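Data first, discussion second: the structure below is written as structure tokens.
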Amino acid sequence: MAVDAIGSGVFMPISVLYFLTSTSLSLVQIGMALSLASALRLPFAPMVGGIVDRIGARQILLVANLIQAVGFVGYVFADSFATVLVASAVVQVGQTAFWGSFSPVVAEISEPGERERWFGFLGALRNASFAIGGLVAAFAITVGTTTAYSAVVLANAGSYLLAFLLLLSVEKPPLPIDAPTASTGPEQRQGWRQVLRDRPYLLFVLTNFSFATSAMALNIAIPVYITQSLGLPGWVAGAVFTINTVMIGLGQGLVVNAMEGSVRTNIVSLGALLFVASYAVMFAADWAGIGIGIAIMLIGAVVYTAGELVAGPVLSALSTDAAPAHLLGRYASLYQMSWTVSSTVAPVTMTWLLQRGSAPLWLGLSVIALLGVALSQLLRRVMPPAAMPVPVTRSAQSPVRPNVDEARSDR
């Protein structure tokens, strides 16, 4: 997970800037290509869920790393709308496979009542690794050449290959004695019918879409806003990303401890409101000079990250706690669809709004975040796990131990 995140951390802050530098495409054309590529992966999410339920999640994680490595190598050769679209589509399919199998793997190694802490820990690990990659990205953005950006892309491709090799040595967790086995009977074939009839979970997916869209702003809108709209130095975009990853890497455990006992949907609403506050702060940089503008953006990054810190682990835990065990793969893939749809509409929508000015961008993102507040409070009424408080665990201990069985017996 750490190796994978270091490579992604190098690329994520320059994802749009890379194509602006390496191709002759306009900002809107790039956004359109990325959105279309994300749309092409939509049919794959349900497929991933069914495969995970049948053969297990670890195998899907292996394949996902290889697919993403191939896609990022293709980025180096992408110089037109069509080639950017194809390479991006390959990457998006790999990401769908990765995230569609990620939550089931976490559910296998954790238990209900502990999952906020597990998802929080893994999120902290990923973001600490993102921070390392973000430092390299800040340097690449400062250099700003096609060669520097291409080196970043190839480094990310290499990280996926290394993650694949490391994952080969990870043994599949053994099934409990009473665990249900895969079936091809009527119950298994009708699995998607049960998932799609679960209206509270569908509402949860819609709620998470609001959070996912806000999370997309860090990689799509904010770097372009900093460098193109405000005209600030390129290193500021890297610094914003580094602040985000360092805060999550170092502070996620403390935040999970602090929110134990609080109602889950209230935590989600708080995260959305913090997103809105961060958008207001960043919008204020429009009227500031370079020095003050840099300070405002860094403050905005802190507030923005606070929104991720509080809402992220709760939503991730709900995605598994509200799902029946025998259909966890399908439920997880439906949850992943909220991220997929967001990544489909976010690039073209955010770049389109940016071309019309700063106010439309931040106003649009604020409306989406406020919608998340309303949806989360509605979710509280219809989904019992969402109305429950964040479980209180032994906060002085980390969920990660040399021996997982010993860690569980300690609890």
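When the chain is treated as a GNM with alpha-carbon contacts under 10 Å, the residue of PHE77, PHE102, PHE283 showing the greatest mean-square fluctuation is PHE77. Coupling constants for the stretch 136-146 follow from the phi torsions by the Karplus curve (6.51 cos²θ - 1.76 cosθ + 1.60, θ = phi - 60°), and in residue order they are 5, 4, 4, 5, 5, 5, 5, 5, x, 9, 4 Hz; glycine and proline get x. If the chain linking ASP286 and ASN257 were pulled fully straight, counting 0.36 nm for each residue of separation and taking away their Cα-Cα distance, it would gain 6.8 nm. For ARG41, the amide hydrogen comes within under 5 Å of no other amide hydrogen, counting only partners 5 or more places away or on other chains and with H modelled in the peptide plane.
The stretch 307-322 and the stretch 234-299 have Cα centres separated by 17 Å. In a reduced charge model with +1 at each Lys and Arg Cβ and -1 at each Asp and Glu Cβ, the chain shows a dipole moment near 580 debye about its Cα centre.
To the nearest ten degrees, helix 290-321 and the longest principal axis of the Cα atoms of the chain are 20 degrees apart. On a 0 to 90 degree scale, rounded to 10, what angle separates helix 57-76 from the longest Cα axis of the chain? Roughly 10 degrees, rounded to the nearest 10. The calculated Kirkwood hydrodynamic radius for the stretch 1-88 is 14.4 Å, given to one decimal from all distinct C-alpha pairs. Considering only ARG264, ARG380, ARG199, the Gaussian network model of the chain with Cα springs below 10 Å gives its largest mean-square fluctuation to ARG199. A protection proxy built from the mean count of other Cβ atoms within 10 Å ranks the segments 90-98, 43-51, most packed first, as 90-98, 43-51. What is the stretch 7-152 by shape, rounded, prolate or oblate, if you read a ≥ b ≥ c off the alpha carbon gyration tensor as root eigenvalues and call it rounded for a/c under 1.5, prolate for a/b larger than b/c, and oblate otherwise? Oblate shape, in that a/c is at least 1.5 and b/c is the bigger or equal ratio.
Each helix, a run of at least 4 DSSP H residues, gives -39500 (n - 2.57); summed and divided by the residues of the chain, these come to -26000 deg cm²/dmol at 222 nm. With the highest mean first, a sort of the peptides 221-232, 312-323, 350-361 on other beta-carbon atoms found within 10 angstrom per residue produces 312-323, 221-232, 350-361. If you take the Cα centroid of the stretch 357-386 and the Cα centroid of the stretch 97-166, the two points sit 26 Å apart.
What shape does the chain take by its C-alpha gyration tensor, where a ≥ b ≥ c are the square roots of the eigenvalues and a/c under 1.5 counts as rounded, a/b above b/c as prolate, and the rest as oblate? It is prolate, given that a/c is not under 1.5 and a/b is the larger ratio. Helix 27-40 sits at what angle to the longest principal axis of the chain, using alpha carbons and giving 0 to 90 degrees rounded to 10? Tilt of helix 27-40: around 20 degrees. By its C-alpha gyration tensor, with a ≥ b ≥ c as the square roots of the eigenvalues, how is the stretch 335-383 shaped: rounded for a/c under 1.5, else prolate for a/b larger than b/c, else oblate? The shape class here is oblate.
Taken one residue at a time, the phi angles of the stretch 192-209 give Karplus couplings (6.51, -1.76, 1.60, θ = phi - 60°) of 5, 4, 5, 4, 6, 8, 7, 5, x, 5, 4, 5, 4, 4, 5, 4, 5, 4 Hz. Gly and Pro are set to x.
Readers should treat all values here as calculations from the given coordinates under stated rules, not as data from a laboratory. Note that the structure is a prediction, hence the values are computed from the model and not measured. Here Cβ is always computed from backbone atoms with ideal geometry, including for glycine, and neighbour counts include all displayed protein chains.
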